[in-house]
Amino acid sequence: MNNSVIQINNLTRTFGENKAVGSLSLEVNAGEIFGFLGHNGAGKTTTVRLLNGIYSPSSGSSQVLGIDPQKDGPALRAQTGVLTETPSLDERLSGYDLLAYYADLFTIPKDTVNDRIMSLLTEFGLEKRAKDKVGTYSKGMKQSLALARALLHKPKVLFLDEPTSSLDPVAARHVNDLIERLTRREGCTVFLCTHNLVEAQKLCDRVAVMQHGQLKALGTPADLTRQYIKRQNIELEVEENQIEKTNQILVSHPDLVLRTPVLEKNMLLVTVSGRDAIPEILTLLTVNNISVYRLNPQEVNLEEVYFALNGESK
Amino acid sequence: MKKRTLFAIMLKDLKVAIQNKGVIIPIIVLPVILFVVLPWVLTLIPTLAGGTFGNVQSMESQIGSLLKNMPAALQNQLAGHSAPEQMVIFILVYGFAPMFLILPLMVASVLAADSFAGEKERKTMEALLYTPTSDRELFVAKILGPWLAAIVISVISFILYTVMVDLAGWISMREILLPNLMWIALVFFVAPATAGLSLVIMVFASAKAQGFQDAYQTGGMVVLPLLGLVYGQIGGVMYFTVGVVLILGFVFWVLLAGLLSLASKKFNREQLMIKNR
Ligand SMILES: Nc1ncnc2c1ncn2[C@@H]1O[C@H](COP(=O)(O)OP(=O)(O)OP(=O)(O)O)[C@@H](O)[C@H]1O
Ligand SMILES: [Mg+2]
């Protein structure tokens, strides 16, 4: 409990009639990459603003690094970094001057400012463009600069609002590598808003799935797939002359096997009722003296969880 | 209140603002035309009028009727000059006074429009809101920057204007016309209040506006009462004497204090974020 960095209790924020965030409760642990998933309008950005003391909650409360964002926003924001949805960069400043401006606002010790800026610009491959106006940067360079700004003061908690949505795959991978490195190396906690599920699955220790301001699911990507995916495909390879027998065993267990298995290149494609069915089927086949050479569960990803959840709500 | 934060915001806003043509024209071009070029053009009138056009008579009768309605102090200063000279002195020393107030008004409102509405237009406010600045620091920095700039530009323009008027006046009639008490009260007492007022009005206008131009047009409504003053002066309804200037200044300051406290109450992060969406 005491290593949780973000605590959210029944946090609610309405705009007129519209509940942008409704009774949200969750905790984020120190050093984890926490994925905050949800489609457009799910309440991700609103939550980030609430957690940084920009919006006040309609009801409920939150604590970030032990600070109530409502009570001491400045002290909190000195320790959090936020990569906003749009880069929010002043295009009339040079990259260097922009970072120097924020170094002043984050009161970074003056004698360390230059080194810090140069090392970030170098890390993001912007050192040659440091003196150019931000308006001349490409989209990816702007996003990198915005990320450099979010990291400038070595925040303890980093909020990233769709960090890779405007980037090409190479730049996106670079950003994702950086996020991983940061958490592992500097013990930074990351609150990652995204609707890129593949990315979330790869990066995140735990994820929350939001829908219309409501928390729909919370857990590790593996937990969620176990919990929500009630159908999984496996490839099964057995002794060739036992295929017929195997088939019979499988179809006689409709609780475990959802469809008649299909034979393809000496391999049975079996659709089973979720992950938990796999060991049961294996036992079943073993007791019946079937020689199993290979049992290959096909990967289920968050995307399927996400759609399963969305289907539920319809 | 962190000094470093205030300075950083004020300097950055200024640095960014002067890259906007809509800002540069009123704060550089306007004072140069009004306060450097115009005095010379005007002092040429007596020479031209006396020489080529020879309509001194009609000018005499005009200035005569103007003179009769003027306060005694003014009449004394104009006594002993030819009619065209009286006209020039009147325009340079008195007629220009209300015009001068347009300068702090323009500078302050144009800078405020760039800093508030421009920030909204360029979508740069959000990142600023995520910094450890307090709402109060943001408010003070955003108000103080354009205000100080307007005051500095007013003072510089006043000095320029004084030098120009005196040079021209000395060459054409061997007389030092400025500064006088009325102008000093105008520049150091009324002008800062005028700048502050237009600034606060612009802050309110920016909250509604979509961008720099939009805010600037809405905020430009403050120019109208000032133009009223100019015409009032010319129509002989009201002359800028020390007393009038002091009263005007006092009224402006009281108004400003009221609007400032209203604005500071409405000014918070949440409002800035919502209005900047
Ligand atoms: N300032 C505001 N005024 C009115 N409604 C708002 C405001 N901010 C957010 N909302 C509403 O709250 C809901 C959640 O918005 P939010 O921006 O938090 O979603 P999001 O998950 O970040 O979406 P996206 O993926 O599109 O960025 C939306 O219905 C949005 O219209
Ligand atoms: Mg969003």
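For the condition hydroxyl-bearing (Ser, Thr, Tyr), more than 23 Å from B:LEU111 (Cβ to Cβ) and modelled with pLDDT under 85, what is the one hit in B:THR241, B:THR218?
Values: B:THR218 fails: more than 23 Å from B:LEU111 (Cβ to Cβ).
One residue alone meets the criteria, B:THR241.
Could you tell me whether the stretch A:185-198 includes any residue that is small (Gly, Ala, Ser), touching a residue at least 24 places away in the same chain (Cβ under 8 Å) and under 25 Å from A:ALA308 (Cβ atoms)? Give the derivation first.
Here is the first cut: in the stretch A:185-198, the residues small (Gly, Ala, Ser) are A:187.
Now narrow it down to the ones that are touching a residue at least 24 places away in the same chain (Cβ under 8 Å): A:187.
When the remaining residues are screened for being under 25 Å from A:ALA308 (Cβ atoms), the result is none.
No.
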Next item on the list: For residues that are over 26 Å from B:GLU121 (Cβ atoms) and within 11 Å of chain A (Cβ to nearest Cβ), scanning just the stretch B:2-36, find the one that is surrounded by the fewest Cβ atoms within 10 Å (Cβ to Cβ).
Entry: B:LYS3
Next item on the list: Could you check A:ARG116 against (1) closer than 22 Å to A:THR80 by Cβ; (2) at pLDDT 95 or above; (3) within 14 Å of chain B (Cβ to nearest Cβ) and say which number it fails?
Entry: (3)
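Taking into account only those residues within the stretch A:99-112 that are open to solvent by less than 20 Å² (accessible area, probe 1.4 Å) and more than 9 Å from chain B (Cβ to nearest Cβ), which is farthest from ligand 2 (Cβ to nearest atom)?
In the first step, residues of the stretch A:99-112 are kept if they are open to solvent by less than 20 Å² (accessible area, probe 1.4 Å); the result is A:99, A:101-103, A:105, A:108.
Pick out the ones that are also more than 9 Å from chain B (Cβ to nearest Cβ) and you get A:99, A:108.
Working: A:LEU99: 24, A:ILE108: 28 Å.
Ranking the qualifying residues of the stretch A:99-112, first place goes to A:ILE108.
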Note to self: Please go through (1) within 14 Å of chain A (Cβ to nearest Cβ); (2) under 16 Å from the mean Cα position of the chain (by Cα); (3) not polar (S, T, N, Q) for B:ARG122 and return the number of the only condition it doesn't satisfy.
What the structure shows: (2)
Next item on the list: Exactly one condition in (1) away from ligand 1 (no atom under 13 Å from the Cβ); (2) open to solvent by less than 30 Å² (accessible area, probe 1.4 Å); (3) at negative phi; (4) within 14 Å of chain B (Cβ to nearest Cβ) is not met by A:ASP72; state its number.
Entry: (2)
Note to self: For the stretch B:150-165, which positions are modelled with pLDDT of 90 or more and of a type in the set (A, V, I, L, M)?
What the structure shows: B:ALA150, B:ILE151, B:VAL152, B:ILE153, B:VAL155, B:ILE156, B:ILE159, B:LEU160, B:VAL163
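Which residues, taken from the stretch A:28-58, are away from ligand 1 (no atom under 16 Å from the Cβ) and either closer than 23 Å to A:PHE106 by Cα or surrounded by fewer than 17 Cβ atoms within 10 Å (Cβ to Cβ) (or both)?
Scanning the stretch A:28-58 gives A:ASN29, A:ALA30, A:GLY31.
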Notebook entry, point to check: Between residues in the stretch A:141-162 that are within 16 Å of ligand 2 (Cβ to nearest atom) and residues that are basic (Lys, Arg), which pairs lie under 9 Å by C-beta distance while being six or more apart or on different chains?
Noted result: A:ASP161/A:LYS44; A:GLU162/A:LYS44
Notebook entry, point to check: When the stretch A:37-57 is examined, which residues are found to be within 14 Å of chain B (Cβ to nearest Cβ) and in contact with a helix residue (DSSP H, G or I) (Cβ under 9 Å, 6 or more places away or on another chain)?
Noted result: A:ARG49, A:LEU51, A:ASN52, A:GLY53, A:ILE54, A:TYR55, A:SER56, A:PRO57
Note to self: Step by step: first the residues of the stretch A:185-237, then only those that are under 18 Å from A:VAL48 (Cβ atoms) and among the β-branched types (Val, Ile, Thr), then the one that is nearest to ligand 2 (Cβ to nearest atom). Which residue is that?
What the structure shows: A:THR194
Check: What single numbered condition from (1) loosely packed, with under 14 Cβ neighbours inside 10 Å; (2) within 20 Å of A:ALA78 (Cβ to Cβ) fails to hold for A:ARG149?
Finding: (1)
Checklist line | Members of the stretch B:130-182 that are within 14 Å of another protein chain (Cβ to nearest Cβ) and open to solvent by 70 Å² or more (accessible area, probe 1.4 Å) | finding: B:ARG136
Next item on the list: Spot the failing condition for A:LEU218; the list is (1) modelled with pLDDT under 85; (2) surrounded by fewer than 18 Cβ atoms within 10 Å (Cβ to Cβ); (3) within 20 Å of A:GLU303 (Cβ to Cβ), and only one is missed.
Entry: (1)
Note to self: Restricting to the stretch A:75-96, and then to whatever is touching a strand residue (DSSP E or B) at 6+ places or on another chain (Cβ under 9 Å) and under 23 Å from B:LYS2 (Cα atoms), can you tell me which residue is nearest to the other protein chains (Cβ to nearest Cβ)?
What the structure shows: A:VAL82
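The values are calculated or read from the model by the stated rules, or taken from the named source; none is laboratory data. These numbers come from a predicted model, not from an experiment. When we count neighbours, we look across all protein chains shown, and the Cβ atoms used for this are built from the backbone with ideal geometry, even at glycine. For accessibility, only protein heavy atoms count, side chains too; no ligands or nucleic acids. Shrake-Rupley method; radii C 1.70, N 1.55, O 1.52, S 1.80 Å.
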